[in-house]
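The values are calculated or read from the model by the stated rules, or taken from the named source; none is laboratory data. What you are looking at is a predicted structure, and each value in this text was computed from that prediction instead of being measured. Here Cβ is always computed from backbone atoms with ideal geometry, including for glycine, and neighbour counts include all displayed protein chains. Accessible surface areas use protein heavy atoms only, side chains included; no ligands, DNA or RNA. Shrake-Rupley method; radii C 1.70, N 1.55, O 1.52, S 1.80 Å.
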Amino acid sequence: MPSKKKPIGQLLLEKGLITPEQLEHALNEQQKSGGLLGRILVDLGFVTEADILSTLGAQTGMPAANLPEIDISSEVLEKVSAPIAKVYKIIPVKIEENILYIAMSDPLNVNVLDDLRFMLECEVRGMVSNEKEIEEAIVKYYGEKTETVQDVLKEMETGAIEIKGSIEDEDEDVHDVATLQELAHQVPVVKLLNLVLIQAIKDKASDLHFEPFEDQFKIRYRVDGMLYEMIPPPRHLALAVTSRIKVMAGMDIAERRLPQDGRIQLNMGGREVDLRISTLPTTYGESVVIRILDRGAVMLSLEQVGLLDEDLRILRDLIKKPNGIILVTGPTGCGKTTTLYSALGEINSPEDKIITTEDPVEYNLAGIIQVQIRSHIGLTFSKCLRSILRQDPDKILVGEIRDLETAEMSIQASLTGHLVLSTLHTNDAASTIVRLIDMDIEPFLITSTLEAIIAQRLVRKICSSCKEEYSPDARELSLIGLKPEDVEGKKFYMGKGCEICNGIGYKGRIGIFEILVVNDEIRTLVVNKATAGDLRKKSHEKGMSMLREDGLKKVWMGITTIEEVARETQGVEI
């Protein structure tokens, strides 16, 4: 077995470059603020950049790159596009024996080398440099150049670059694997897809859609819940791009008749990005959707999800309970997972064992045991939950209650002294109870275990960079059932559009909530099988803010707009 590499701090000690006291001081600083230990030691003045580079070189076996004294050829620079160099903070240095050598400031991050091999389709090896020299080299060799998807498509249209080996008849069910592989590895296709992925991740898109039609090949991406269309590539690129995605995800490139699922993991600029791939055969080729799980962008704090002070207090009290069921409801993509993860993060402690069962596991949570559901081999929510109960947990997260069996197992877990958090697809909090009864759950079991239901939606936030006051007209007010006299003295804001928000006027999203706490009066109504309307009315009388009311509070606070609240609460009972 290879010997374990020594930490850089130990190597610096052995070289006599720092003292034990200096190392301890630097480690304490790292614990407080994070960051690389080498950078902290340099900033504290204990060592020089040259000391760190030589030590990192010895630690990793990589040669040092003195970038100011190297003249990098245009042939080498063409191997790495400007966006990739800037995102990964690397610079190509030389090509020797078909191996591309790149300078990197964090040589311990081997994921960067793996990603570049994957994206550039060549053998890549690292060289040690420092961040400042790399940034200066990027400015020197790439300048302000930022190659975009539009640039690549324009080159294709003018014939500057072209796709070779294309397949004449895309309607055939099965194609020659070698030809598909050739298409997937064409440099223009690789470059186009890399740029699309970088742009989507940079804009914090949640999904990427590649959609073939009879005369078009559309690429759309979803940002803050809304779909936006990129400039469409030529129709004949559909097969090549789809094949490239399937190669990256390790999927069967020749199978185009059946749906497939795959996964790609990238490390972009130090951020872990997980791409979940889904293909679907359609009339004009395969539709591909990429779910982007950017672990560096997720909010995992209850203060950040959008709960106002009173609702935040209520939820914190709920998740401290030793047992019971707390449900978070709403449509797909409304932020249920983020709310649940944030709640788990708040109650995660060494004294409690927390186990989750999810489909899929979207983000890794430190100190929490997470189980991936695999229905195709029989590992369902209900079966997994049965096994989890034998693992002596204190708190359990069930990704979704989809059927009676899972609901019954969740109730059983609650009755045996566990706190269970889960989700359900319903429009609002009150209708969730009716849904459980419709699933043949006995009302007395619901009243014995259910502690609260949290319904939520996500609304877009006004861009803080271009936010300005305005006066809504009567038509706009009518969207949420208000008249001009109802809003006298109130201030309204909107985003006029700027570079920060790409001219949209919105940047980011925030939750709007209603929390139905199951008290004695609600329990009486449940046992008597009251309607959702009766449950809603009683909860409102007891102080529950409805979804639209919570949204309006955020309108008065200048966080979002009337149109956003109206759009997300359409069809919800007031």
Practice problem: Provide the gained length on full extension for the span Arg390 to Thr19, in nm with one decimal, where the gain is 0.36 nm per separating residue minus the Cα-Cα distance. | Solution: 128.6 nm
Practice problem: Compute the normalised compactness of segment 339-445: alpha-carbon radius of gyration over 2.2 N^0.38 Å, N being the residue count. | Solution: 1.05
Exercise. Mind giving me the nanometre distance, one decimal, between the label points for Ser278 and Lys202, set 7 Å out from Cα along Cα→Cβ?
Key: 2.8 nm
Exercise. Return an integer: the convex hull volume of the alpha-carbon atoms of the chain, in Å³ per residue.
Key: 210 Å³
Self-check item: Ratio of Rg to Rh over segment 457-574 (Cα coordinates, Kirkwood Rh, two decimals)
Solution: 1.08
Practice problem: Output the lone cysteines of the chain: those with no second cysteine's C-beta under 4.7 Å from their C-beta. | Solution: Cys122, Cys334, Cys384
Quiz item: Based on DSSP H assignment, which helices of the chain show an axial Cα extent of at least 18 Å together with a mean Kyte-Doolittle hydropathy greater than or equal to 0.0?
Solution: 187-202
Self-check item: Cα point-scatterer Debye curve for segment 492-553, base-10 log of I(q)/I(0) at q = 0.14 Å⁻¹
Solution: -0.56
Exercise. Please pull out the direction-averaged projected area of segment 209-348, using the convex hull of its alpha-carbon atoms, in nm² to one decimal place.
Key: 11.4 nm²
Quiz item: Which peptide among 207-218, 324-335 comes first, and what is the full order, when sorted by highest mean count of other Cβ atoms within 10 Å?
Solution: 324-335, 207-218
Quiz item: In terms of modelled amide H atoms, which long-range or inter-chain residues lie less than 5 Å from the amide H of Ala64?
Solution: Val128
Quiz item: By how many nm would the segment from Asp486 to Glu351 lengthen if fully extended, with 0.36 nm per residue of separation less the alpha-carbon distance?
Solution: 43.5 nm
Self-check item: Gln570/Leu308 FRET efficiency (R0 30 Å; Cβ-Cβ; nearest 0.05)
Solution: 0.85
Exercise. Kindly provide the pair-distance distribution of segment 57-105 built from C-alpha pairs, with 5 Å bins from 0 and whole-percent values in order of increasing distance.
Key: 5, 19, 30, 27, 16, 4, 0
Quiz item: How much accessible surface area, in Å² rounded to 10, belongs to the heavy atoms of Arg313 with a 1.4 Å probe?
Solution: 110 Å²
Practice problem: Quickly work out the Asp534-to-Ser464 label distance, labels modelled 7 Å from Cα along the C-beta direction, and quote it in nm with one decimal. | Solution: 4.7 nm
Exercise. Work out, step by step, the length gained on full extension between Asn364 and Ile95: first 0.36 nm times the residue separation, then minus their alpha carbon distance; give nm to one decimal.
Key: 93.1 nm
Practice problem: Please work out the FRET efficiency for the pair Ser478 and Ser74, using the Cβ-Cβ distance as r and a Förster radius of 51 Å; give the result to the nearest 0.05. | Solution: 0.25
Quiz item: If you count, for each residue, the other Cβ atoms within 10 Å and average over each peptide, how do 389-399, 232-242, 508-518 line up from highest to lowest?
Solution: 508-518, 232-242, 389-399
Quiz prompt | Accessible heavy-atom area order of Lys204, Lys191, highest first, probe of 1.4 Å | solution = Lys204, Lys191
Exercise. Could you sort 366-374, 180-188 so that the peptide with the highest average Cβ count within 10 Å comes first and the rest follow in order?
Key: 180-188, 366-374
